[in-house]
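Below you'll find the structure, written out as structure tokens, and then a few comments.
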């Protein structure tokens, strides 16, 4: 199974600022995803991070708010821009290949004040 | 659109009291049904993958089963350390589809 390191593990940020979350995998993976988990809710897919091209965003999520980079097959970043209290959530990085299960990082707990 | 519904939302069991969690799903074609365990403040931890109706998998006190419409996670003689939220997810067989659709989870509490 892949080992995923996600940083930071938690942060408290001022509204209007931005936070970049990093996801590092110990092996090359085909697919990397970013999820959001709001308090008491399940996981919602934000986007698929594509290596060398623009991320693919799900309905309700836009690049200006959640820019994503994936410069290689083991690393990705998610930025939460111009934050508001509604962005307070756990953000999770996930990796998968077509015929394997998905693995998750430990998550970044973001609180916006 | 893929849908996953888990029940109950919360379940309290006495230690040793066996029970089952349910996951009902709707997909155009199933490429896998996944069970995860999530502890507070942590990312989901993979438990099982099931691919076809009739398939069963076991791990310690947990057993997962699959039919064409639902999956069950059976917990036999649970211990307090089994307390967690259990998430069910499906992967659709659509072309190029890798991502998962998650249910809202069942929060299990096992009381000593």
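For region A:25-74, what size does the Cα cloud have along each of its three principal axes, sorted from largest down, in whole Å?
Each principal axis gives a Cα extent; for region A:25-74 these are 32, 24, 12 Å.
What share of Cα pairs, in percent, lie more than 21 angstrom apart in chain A?
29 percent
In whole percent, what relative contact order does chain B give with Cα contacts below 8 Å and a gap of six or more residues?
Normalised by residue count, the contact order of chain B is 37 percent.
Sorted from largest down, what three extents in whole angstroms do the Cα atoms of region B:29-100 have along their principal axes?
Cα extents, longest axis first: 41, 29, 16 Å.
Among the DSSP beta bridges whose two residues both lie in chain B, what percent are antiparallel, rounded to the nearest 5?
90 percent
Please figure out what share of the DSSP beta bridges in chain A is antiparallel and state it in percent, rounded to the nearest 5.
Expressed as a percentage, antiparallel bridges in chain A total about 90.
Quick one: grab Rg to one decimal and Dmax as a whole number for the protein assembly as shown, Cα atoms only, in Å.
For the protein assembly as shown, the Cα radius of gyration and maximum Cα-Cα distance read 17.6, 52 Å.
Across peptide A:29-40, how many C-beta atoms of other chains are within 10 Å of each residue C-beta, on average?
Taking all residues of A:29-40 together, the mean is 2.
What average number of partner chain Cβ atoms lie no more than 10 Å from the Cβ of the residues making up B:47-54?
Taking all residues of B:47-54 together, the mean is 1.
Arranged from highest to lowest average of other beta-carbon atoms within 10 Å per residue, in what order do the peptides B:22-30, B:48-56 appear?
Ranked from most to least packed, the peptides come out as B:22-30, B:48-56.
Please sort B:98-110, B:62-74, A:63-75 by packing, taking for each peptide the average over its residues of neighbouring beta carbons within 10 angstrom, highest first.
Ranked by mean Cβ neighbours within 10 Å, highest first: B:98-110, B:62-74, A:63-75.
Let me know the mean shielding of A:90-96 by other chains, meaning the per-residue number of their Cβ atoms within 10 Å of its Cβ.
3
Could you give the distance between the Cα centres of region A:47-113 and region B:4-77, to the whole Å?
Centre-to-centre (Cα) distance: 26 Å.
A short reminder: the numbers here are calculations on the coordinates, not readings from a lab. Here the structure is a predicted model, which is why all the values come from computation and not from measurement. FYI the Cβ positions are ideal-geometry reconstructions off the backbone, even for glycines, and counts take in every protein chain you see.
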